[in-house]
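Only the coordinates and a few stated rules stand behind these numbers; no lab work does. Predicted model only: the values in this text are computed from it and were never measured. For neighbour counting, all protein chains shown are included, and Cβ atoms are generated from backbone atoms with ideal geometry for every residue, glycine included.
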Amino acid sequence: MQLRPKICLILELIWALISCFSSFGQTAPKEKIFRFPLDTALVIAGTFGEIRANHFHSGLDISTGEAEGKDVLAAADGYVSRIKVAPDGFGKALYINHRNGYVTVYGHLQRYNDEIEKMVLAEQYKRESFAVEIFPGENILPVKQGEIIAYSGNTGGSAGPHLHFEIRDEKTEEPLNVLDFGFTFRDTIPPQINSLVVYPINNKGNVNGTCTKKFLALTKIGKSYVPADSSLTEVNGDIAFGIETFDTQIPGGNELGIKSIELWLDGKKIYDYSISRFRFDESKFVNANIDYAEKVLKGRTIVTCNHLPADNFSGLIRDNASGSVHFPADGARHKAVFKVEDFHNNTSEANLNFKSSKQNIPCAVPAENDTTFFVSCKKSFTRETKDFKFSIAKLPCVYNDIYLVISTREKNKKLFSKIYKIGDPAIPVHNSFNLNIKPEKLPEWLFPKALLVKIDGNGNMTSAGGDFKDGFVNASVSSFGNYAIAVDTVPPVIKAHNLSTRGEKEKIFFKIKISDALSGIGSYRATLNKKWFLMEYDAKTGTLTGQKAIEKKGKYLFELTVTDKKGNKSKHTAVMSY
């Protein structure tokens with residue numbers, strides 16, 4: 001009778017050791033260990049590694065048919081290790097640790113199950129904050145596979161109702177490709193390829209006798225995509241290639257990311273684009289792997305099959321192949337083949353025949369002067385005057401060596417400094433640079449209200465943040481463009497759409513819009529009869545919502561104070577009688 005506990009203990013220790021060692025560099029197992037987190041067919045709304053604004057997508061977006069409130073089920077036995085509620089990002093999210101060395105993540109939830117919801121609500125009232133993060137111990141919230149843990153929603157940065165689902169390596173916290181874990185789904189549609197792009201690079205290449213990139217629209221003939229224009233493209237010098245492609249699971253469905261791209265030149269593979277895991281701190285390297293100018297200026301997603309010098313992204317398998325090629329002026333003919341595969345192993349192919357031109361047109365290289373500076377992607381850089389300082393400290397800031405334009409023009413009546421042009425908005429920035437601008441004729445009482453603003457081509461201003469210190473307004477800035485100093489003295493706007501609707505269960509329902517024209521919403525606080533009152537904040541719509549059961553007849557005093565990031569406040573008060 002005494003041997004059984006010892007044997008169990010030994011087995012548990014062996015299992016713990018196996019789990020510990022296997023969690024380093026976890027790869028998806030061949031056997032199916034997770035169940036699908038919804039009781040529906042798998043309809044994909046977003047794929048792992050998909051290209052998003054400034055990041056790779058870290059999970060699988062699962063369609064809920066544009067509806068909220070679907071049962072979300074635990075993918076395997078485990079325990080709730082983290083609960084996070086935020087007005088942006090994943091919104092209401094849940095993290096479950098499993099004994100196999102993986103963590104599953106469920107995001108954009110409408111609400112949690114009753115037990116978890118009770119814990120969250122208690123913590124929100126304890127901290128007097130809608131946004132909370134809780135780390136329950138291993139024995140606090142155990143879950144069984146298939147148990148309802150939450151309900152699907154549209155919270156946080158979600159663009160529509162769906163479930164964001166991730167599987168992570170517990171030790172490294174790296175997200176893994178969910179579809180490597182044996183989930184079944186229907187998809188018979190191969191990826192679509194819209195166009196190819198040929199790039200002259202390093203100021204040492206030509207395409208059709210010019211130093212500008214060439215777009216090639218494609219048409220499908222049989223199973224292959226070929227250029228719609230049959231004229232032969234001519235190249236010379238240093239050349240790279242790009243491809244515009246996407247996938248769909250069902251006819252007319254969402255445009256999805258692809259699993260892999262291979263680029264073959266004259267029968268030899270020269271580039272491989274495929275992501276199975278990555279580190280979150282590397283996710284912004286997405287901008288080194290796309291034609292960033294086309295993305296920000298025209299909204300087109302083109303994967304560039306070219307490894308830039310300061311692209312340190314470890315998530316791509318590169319096999320020492322840079323993707324770029326030097327073509328001598330020999331008149332030889334070449335063939336490039338792009339092989340694209342989706343997450344159901346459907347494939348498409350695009351073929352490009354071209355030749356090396358015997359003509360080499362020199363490309364103009366910018367000259368360094370008082371406003372144009374050579375910036376290495378692998379070295380820090382500083383430009384300083386008595387009124388201004390631009391500095392790159394953390395590398396990489398840019399992915400390739402660039403010529404950076406820093407120039408000025410006179411301010412307008414809304415600004416308290418000259419307008420500084422810092423580079424080109426079409427050039428991506430990885431790690432932020434520091435920007436310090438000295439104000440002109442800024443009264444001392446406005447020092448706390450000063451901030452840097454980015455000014456677009458139409459003169460519209462958006463906050464770049466920052467604070468006044470040591471005679472300058474200082475900020476860490478994450479994109480190139482036009483910058484100047486402005487002040488924010490205008491308090492936030494509060495629009496109370498509904499403060500007194502009585503529902504079926506005798507509840508007061510609150511729905512309020514809040515906004516700020518410049519620095520942005522910093523904080524808010526609501527009270528009901530002078531006691532802190534929970535209001536959920538949806539940052540994407542600027543909406544506060546809350547409800548309260550009517551416990552007894554009488555008056556209810558509602559007060560809301562909203563503060564922007566420069567300390568300007570607005571207050572709304574309402575008295576309701578029941």
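Computed from label points 7 Å out along Cα-Cβ, the spacing between Asp467 and Arg186 is 5.8 nm. Highest mean packing first, where packing is the average number of other Cβ atoms within 10 Å per residue, the peptides 507-517, 129-139 line up as 507-517, 129-139. Remark: Asp180, Asp370 ranked as Asp370, Asp180, counting other beta-carbon atoms within 10 Å and listing the fewest first. Between the residues Gly209, Gly331, Gly546, the greatest Cα displacement towards the positive end of the dipole of the chain, with unit charges on the Cβ of Lys, Arg, Asp and Glu, is found for Gly546.
Over the chain, DSSP H runs of length four or greater, each weighted -39,500 (n - 2.57), average out per residue to a 222 nm ellipticity of -2500 deg cm²/dmol.
Distances between placed amide hydrogens fall under 5 Å for Lys70 paired with Ser152, all partners being 5 or more residues away or on another chain. Put a dot 7 Å past the Cα of Phe374, heading toward its Cβ, do the same for Thr489, and the two dots end up 4.8 nm apart.
For Glu173 and Thr40, what does the FRET efficiency come to when R0 = 30 Å and r is the distance between their Cβ atoms, rounded to the nearest 0.05? Result of the calculation: an efficiency of 0.60. For Rg/Rh (Cα atoms, Kirkwood Rh), computed directly from the structure shown, the correct entry in (i) 1.05; (ii) 1.01; (iii) 0.97 is (ii). Peptides 335-343, 224-232, ordered by how many other C-beta atoms sit within 10 Å of their residues on average, highest first, read 335-343, 224-232.
Of Ile290, Ile62, the sequence from fewest to most neighbouring Cβ atoms within 10 angstrom is Ile290, Ile62. Using the Cβ-Cβ distance between Asn460 and Asp114 with R0 = 60 Å, the FRET efficiency computed as 1/(1 + (r/R0)^6) comes to roughly 0.85. Put a plus charge on the Cβ of each Lys and Arg, a minus charge on the Cβ of each Asp and Glu, and nothing anywhere else: the dipole of region 478-578 about its Cα centre is then about 440 debye.
Report the FRET efficiency, 1/(1 + (r/R0)^6), for Thr382 and Thr219, where r is their Cβ-Cβ distance and R0 is 35 Å, rounded to 0.05. Approximately 0.10, to the nearest 0.05. Cross-link reach is defined here as a Cα-Cα straight distance under 26 Å, omitting same-chain residues fewer than 8 places apart; for Lys555 the lysines meeting it are Lys126, Lys495, Lys505, Lys507, Lys511, Lys513, Lys530, Lys531, Lys569, Lys571. Ranking Ser224, Ala464, Ile402 by how far each Cα lies toward the positive end of the dipole of the chain (charges on Cβ) leaves Ala464 at the top. Compared with the direct C-alpha span, the chain from Leu534 to Ala367 gains 54.2 nm at full extension, assuming 0.36 nm per residue. Rounded to the nearest 20 debye, the dipole size of the chain about its Cα centre is 1580 debye, using +1 on the Cβ of Lys and Arg and -1 on the Cβ of Asp and Glu. Among Val487, Val103, a tally of other beta-carbon atoms within 10 Å of each Cβ gives an order, fewest to most, of Val103, Val487. Only the Cβ atoms of Lys and Arg (+1) and of Asp and Glu (-1) were treated as charged; on that basis the dipole of region 192-356 about its Cα centre amounts to roughly 140 debye.
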